[in-house]
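The next block holds one structure in the form of structure tokens; read it before the comments.
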Amino acid sequence: MKPNPYSRKKNTLNADMNVVPYIDVMLVLLVIFMVTAPMLTTGVDVDLPKEQTNAMAQSQLHVIVSLTSSGEIFISYENNIDMPISEPELINTLSNLQSQNSNAGAPPIQVMINADQNNQYGAIVTLMANLQQAGIQKVGLLTGAPLPTPTL
């Protein structure tokens, strides 16, 4: 007898587990972990190198502007040590020193701000704006030596 062309062939059931969907899920999870892993690292402990800095050039005029927590301003340069000064006088003095240095062909003066740690941020920013108004381009902030950390 001839087989019927329209009949279905009965295949046996496949009892093996289909792992293709599990592989797809695992690949998606792998991609998610690869993308999010770098974002989880918020703080990195870095052991920075410790070096002595080079001394500043002796030909450069150094000016130290001190700002106390009460808002008083003092200036130190050449032989003038801790002279009390007002903001307009500070701008005029620094402008004069800057012009004298540029006329002498010396490098521009560098101003270091020595501010009390209890100063408000706005007072230091105002002082820096005054320095910029006087034409000062190099400004640094003086800090104290760090306190030693207690060992337990």
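The values are calculated or read from the model by the stated rules, or taken from the named source; none is laboratory data. Fair warning: this is a prediction, and the values are worked out from it, not measured in the lab. Here the Cβ is made from the backbone with ideal geometry for all residues, glycine too, and neighbour counts use every protein chain on show. In case anyone asks, the SASA skips ligands and DNA or RNA and just uses the protein heavy atoms, side chains included. Shrake-Rupley method; radii C 1.70, N 1.55, O 1.52, S 1.80 Å.
For the pair SER86 and TYR6, the difference between a 0.36 nm per residue extended length and the Cα-Cα distance amounts to 18.2 nm. Of the solvent-accessible surface of the stretch 77-120, computed with a 1.4 Å probe and all protein chains present, 41% belongs to carbon and sulfur. Modelled label positions at VAL19 and MET112, each set 7 Å beyond Cα in the direction of Cβ, lie 6.9 nm from each other.
Sequentially through the stretch 70-75, phi angles give Karplus couplings (6.51, -1.76, 1.60; θ = phi - 60°) of 8, x, 6, 10, 10, 10 Hz, Gly and Pro residues having no value and appearing as x.
Ordering of 14-22, 62-70, 122-130, 79-87 by packing is 62-70, 122-130, 79-87, 14-22, highest average first (other Cβ atoms within 10 Å, averaged per residue). For the pair VAL31 and GLN133, the difference between a 0.36 nm per residue extended length and the Cα-Cα distance amounts to 31.4 nm.
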